[in-house]
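A short worksheet on the structure shown next.
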Amino acid sequence: MRVPVLGGAERRYVNLDNAASTPPFTSVLRTVNRFSRWYSNVHRGVGFKSRLSSHAYEEARVTVARFVGATPSDVVIFCRNTTHAINQVAHRVYLSQRPIVLVSSMEHHSNDLPWRRVGQVVHIALDGAGRIDEDHLGTLLRQYGPRIGMVAVAGASNVTGIVNPVHRYARLAHEAGARILVDAAQLAPHRPIDVRPAGDPEHLDFVAFSGHKIYAPFGAGVLVGPRSLFLEDDPYEVGGGTVDIVNQREVVWTDLPDREEAGTPCIVGAIALAAAIERIETIGWPALTGHESKLTASALRRLAEIPGLTLYGDIDPARAAERLGVMAFNLDGRPHAQVAAILSHEWGIGTRSGCFCAQIYLKHLLGIDDTGAREIERRMRSGDRRDVPGAVRLSIGAYSTSADITRIAAALGAIAAGNVSGTYPVDQGSGEYHPTGMRYDYGSYYGG
């Protein structure tokens, strides 16, 4: 597709914002369009469309279970997104006897903030490259021992693309008597997931991910966890579809997974997610990871050649296959939000800037100490977001091309050399930059 840029021209759009959300695979769109004419509500309906929809919905659950290697002792629950899934686990896991939650300092806020509501969060330190400090994890496991209820870690970072050895962390957590939750939102589109059987020391107790990051942006997410845990008490959300018996005195909850999917679920989202998984399985992980690793290595090499550009995390192209194609960087002399705005308005390149819902991690990567952080927070509380620290992030998807990497390298080289056409004032309240004189009729792109 082509998008308008400064000066009135149009350019081919380059989407390098896949870590936030991915567009749907064309096969997913075809599935959604084909299914839509048969759409009906699921379960208990006796009409053909309802029975067809129920079949497709439950087949989607089977597909997800296969995708993550779930066993009969696990339950696959459809939810809204990864955030919803982790909040569900935090609500479900009682921590009165084990009140400590070990959370890595690289986590997305969705795998940090929910735990603060139910226990004491202790953050696992990071090394200079932004990796989890495994020695510190071991120290914390020994220090808090039986008080640890959960270890919560990302499968892969949404900032630096670092892939964590989650099965090794699972073994360490289980040796301490704790469970592990893996936020697989970034991992699922790029690497295979295997929860492994419950008796395996490296079993992943909980895994959560979102359809919108795996080429199925239609509103469904996934939570995989131990079936027995979800039968211990009342459901997380209650209402239609969660009960077998209701009278004026009592409620009898229905069986899993229905009891944890209150109300009408996101049927189309679940079917779209299954279609995306099937497409990934057709492509095959070797082809998918090989393609993305090749582009990642190229991007790391090209960005390293740009004067004044600082990359964060593991920046060695030789290790591109060990990480995801998610790269955060800054350009000397220009605020991150301004760089992202120039890439968009002059080059037609979609990236993202800011802290990527990982403020603790960005402060670590940027070397901001507590004193500096407090001053930044003081200005933010007063309504001034012009100097909020952060970075620009580009993120590669399955459909990204070498031409996309060439385009962003050329754009960043031009920006670094001062070749910028527009004037970009900053909005104090939002911290956003917008070129003077540029207006868009957004409604014309989607309205009927």
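Key figures for this structure:
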{"read-out": "Of all residues in the stretch 2-12 being on the phi < 0 side of the Ramachandran plot and exposed (fewer than 14 other Cβ atoms within 10 Å of the Cβ), the one that is farthest from the chain's Cα centre (by Cα)", "value": "A9"}
{"read-out": "Some residue of the stretch 365-387 being crowded, with 20+ Cβ neighbours inside 10 Å and either touching a Leu at 6+ places or on another chain (Cβ under 9 Å) or closer than 25 Å to T296 by Cβ (or both)", "value": "yes"}
{"read-out": "Members of the stretch 88-120 that are open to solvent by 40 Å² or more (accessible area, probe 1.4 Å), among the aliphatic types (A, V, I, L, M) and modelled with pLDDT of 95 or more", "value": "L113"}
{"read-out": "Residue list for the stretch 205-246, restricted to those being modelled with pLDDT under 95, of a type in the set (S, T, N, Q) and in contact with a helix residue (DSSP H, G or I) (Cβ under 6 Å, 6 or more places away or on another chain)", "value": "T242"}
{"read-out": "Residues located in the stretch 415-443, provided they are touching a residue at least 24 places away in the same chain (Cβ under 8 Å), outside any loop (DSSP other than H, G, I, E, B) and either aliphatic (A, V, I, L, M) or open to solvent by 50 Å² or more (accessible area, probe 1.4 Å) (or both)", "value": "I415, A416, V426"}
{"read-out": "Failed item in (1) among the small types (G, A, S); (2) closer than 18 Å to S96 by Cα; (3) open to solvent by less than 10 Å² (accessible area, probe 1.4 Å); (4) in a loop (DSSP other than H, G, I, E, B), with A152 passing the rest", "value": "(4)"}
{"read-out": "From H174, H123, H136, residue being part of a strand (DSSP E or B), closer than 30 Å to R319 by Cα and either open to solvent by 40 Å² or more (accessible area, probe 1.4 Å) or of a type in the set (K, R) (or both)", "value": "H123"}
{"read-out": "Residue match in the stretch 201-208 (condition: closer than 22 Å to D17 by Cβ, out of contact with any Lys or Arg (no Cβ under 8 Å at 6 or more places or on another chain), surrounded by 17 or more Cβ atoms within 10 Å (Cβ to Cβ) and touching a residue at least 24 places away in the same chain (Cβ under 8 Å))", "value": "yes"}
{"read-out": "Yes/no for L95 being farther than 22 Å from D194 by Cβ, in a helix (DSSP H, G or I) and either in contact (Cβ under 8 Å) with a residue 24 or more places away in the chain or of a type outside the set (G, A, S) (or both)", "value": "no"}
{"read-out": "Sole residue being open to solvent by 30 Å² or more (accessible area, probe 1.4 Å) and not in a strand (DSSP E or B), chosen from T406, T296", "value": "T406"}
{"read-out": "Exclusive hit being over 29 Å from V28 (Cα atoms), open to solvent by 70 Å² or more (accessible area, probe 1.4 Å) and at pLDDT below 95, set R302, R249", "value": "R249"}
{"read-out": "Which numbered condition T242 misses (of (1) touching a residue at least 60 places away in the same chain (Cβ under 8 Å); (2) surrounded by 19 or more Cβ atoms within 10 Å (Cβ to Cβ))", "value": "(1)"}
{"read-out": "Residues of the stretch 28-41 classified as closer than 16 Å to E59 by Cβ and either under 24 Å from the mean Cα position of the chain (by Cα) or open to solvent by 70 Å² or more (accessible area, probe 1.4 Å) (or both), total", "value": "6"}
{"read-out": "Subset tally (residues that are touching a residue at least 24 places away in the same chain (Cβ under 8 Å) and over 18 Å from N330 (Cα atoms)) for the stretch 347-398", "value": "5"}
{"read-out": "Selection count where residues are buried (at least 21 other Cβ atoms within 10 Å of the Cβ) and either under 28 Å from P435 (Cα atoms) or of a type in the set (D, E, K, R) (or both), scope the stretch 313-330", "value": "6"}
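The values are calculated or read from the model by the stated rules, or taken from the named source; none is laboratory data. Values in this document were obtained by computation on a predicted structure and should not be read as measured data. Every residue, glycine among them, receives a Cβ derived from its backbone with ideal geometry; neighbour counts consider all protein chains shown. When the accessible area is computed, the model is the full protein with side chains, heavy atoms only, and any ligands, DNA or RNA have been set aside. Shrake-Rupley method; radii C 1.70, N 1.55, O 1.52, S 1.80 Å.
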